[in-house]
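Accompanying notes for the structure given below.
The values are calculated or read from the model by the stated rules, or taken from the named source; none is laboratory data. Only a predicted model underlies this, so the values are computations on that prediction, with no experimental measurement involved. So basically every Cβ, Gly included, is an ideal-geometry build from the backbone, and we count neighbours across all protein chains shown.
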Amino acid sequence: MSAPDPEPSAGSEPAAGSEPAPGPDDGVTLGRLVVPVYVPLLAMGIGIGMLVPTLPLYLRAGGLSYGATSAVLAAAGLGSMLGALPSGSLLARLGEDRLHVIASVAMGGAAVGLGLTSLAAALAVLQVVSGAGRVAVRLSRQTLVTRLVPVGRRGRAMSVIGGSFRLALFVGPLLGGALVDVAGYRVTFLVAGLVAGAGALPVLADAGAAPSGAVPTGGGGAEPGGGPGLLAVLRRHRRRLLLGGAGPALVMTARQGRYVVVPLVGERLGLGPAAVGALVAAGTGADLLLFPVSGWLMDRFGRLFAIVPAFGLLAVGLVVLGLAETAAVAVVAGVLMGVGNGMSAGTLLTLSSDLAPPEAPGPFLAGMALLQDLGSVAGPLVVGVVADAAGLGAGAFTLAGIMVAAIVWIVVVIGETARPASATRPA
């Protein structure tokens, strides 16, 4: 798939990122991205991670059914979906850093608000606000990396973003589950909100110290007033957007459903909040060991060399989770999913950045985020509907089937999006 053409044909032309790998002095170093990119995302991820075991248990303690619990959890994905295109437009008006700060504060405030009400409608609204903040933060940092890092090192840069989220989702659930046991739900939501909102501080501290060595992109739409308009970009690249976004949307359905089904399986097995947090973190611990492998595979051999085995293991882990009748088997499933998720670190970010037109990556990435977040909404809803009808095991099996469909779509329809570095070197 090629990015710059208005109506590309899938698999018929070189990908947007298929140019030869740039020289070692092109773009910024990964170290220069630590403060403006990785630390803010780590803070946001820890805040979100604290709520992964906490919010489902909080909702169930309030008497909500699996379906109602899943609907409230899915509202965050709805917020991400609704916030994607406005975030893409605001990138061009406000710039990456201003958008990030505003979104971080809004997201932190929403997390605090979750602990102040037990009304399902109010909780759903706060989840929508939280989701909109998350997508704005993610897009602001992804657009920055897309502009500054050349395609030959993009996989590694994006995999570190994925690694930051994985570290956060290891630490966050442990903190969240432990805090609920020690201090209760309200304090846990307060701390989660403060941590998530603190992601604005490194960006504010780094303001004015713009990274040098940026790769020119023809006004990438992230500077105030620069680049083509959002709707113009989406219309011009609509076919690429739809074909490129469908597979990631299926991936996100399975991924987000996983974050609902794992805590609920833990509850079904009789585990308390701290133990559920440890169950979630067990899989994430495996993530941390493997996220560098993802970036190396993508840049050295091609994106599919990371995507296919990673998402395949996620599907296997979901099948094992659906069969789990003991906590030990659930932990095995979590580790399998963790290994797969670790190998997939940054894959969707890299895939969408490869497909983005260089003259306006921000609006295109916003469109990709919209499609992916359709999956974020669908995942929890799939778990809730199937679990209420046929049990949690059936919900896990359904997610596994969706992940297999995603793999097939990415391989057959999207294909390889960047020439691997190994192909540019003599044998």
Notebook entry, point to check: Taking segment 51-97, which residues are under 18 Å from Ala387 (Cα atoms) and of a type in the set (Lys, Arg)?
Noted result: Arg60
Checklist line | Qualifying positions in segment 80-135 - in contact (Cβ under 8 Å) with a residue 12 or more places away in the chain and not in a helix (DSSP H, G or I) | finding: Gly95, Gly115, Leu116, Ser118
Note to self: Looking only at segment 349-380, count every residue that is surrounded by fewer than 24 Cβ atoms within 10 Å (Cβ to Cβ) and closer than 17 Å to Leu297 by Cα and tell me the total.
What the structure shows: 0
Notebook entry, point to check: Does Ala192 satisfy being crowded, with 23+ Cβ neighbours inside 10 Å, assigned to a helix (DSSP H, G or I) and modelled with pLDDT of 90 or more?
Noted result: yes
Check: When the residues of segment 88-129 are filtered to those that are modelled with pLDDT under 90 and polar (S, T, N, Q), which remaining residue is surrounded by the fewest Cβ atoms within 10 Å (Cβ to Cβ)?
Finding: Thr117
Note to self: Quick check on Val293: is it over 28 Å from Gly384 (Cα atoms), among the β-branched types (Val, Ile, Thr) and either out of contact with any His (no Cβ under 6 Å at 6 or more places or on another chain) or assigned to a helix (DSSP H, G or I) (or both)?
What the structure shows: yes
Check: Among the residues of segment 296-316, how many are closer than 30 Å to Gly391 by Cβ, buried (at least 21 other Cβ atoms within 10 Å of the Cβ), in contact (Cβ under 8 Å) with a residue 40 or more places away in the chain and among the small types (Gly, Ala, Ser)?
Finding: 1
Next item on the list: Being surrounded by fewer than 20 Cβ atoms within 10 Å (Cβ to Cβ) and part of a helix (DSSP H, G or I) is the filter here, so list the residues in segment 175-188 that pass it.
Entry: Ala178, Asp181, Val182, Ala183, Arg186, Val187
Check: If you take the residues in segment 1-60 that are among the β-branched types (Val, Ile, Thr) and under 30 Å from Val191 (Cβ atoms), which one is modelled with the lowest pLDDT?
Finding: Val52
Notebook entry, point to check: Within segment 401-420, is even one residue in contact with a Pro (Cβ under 8 Å, 6 or more places away or on another chain), at pLDDT below 85 and surrounded by fewer than 17 Cβ atoms within 10 Å (Cβ to Cβ)?
Noted result: no
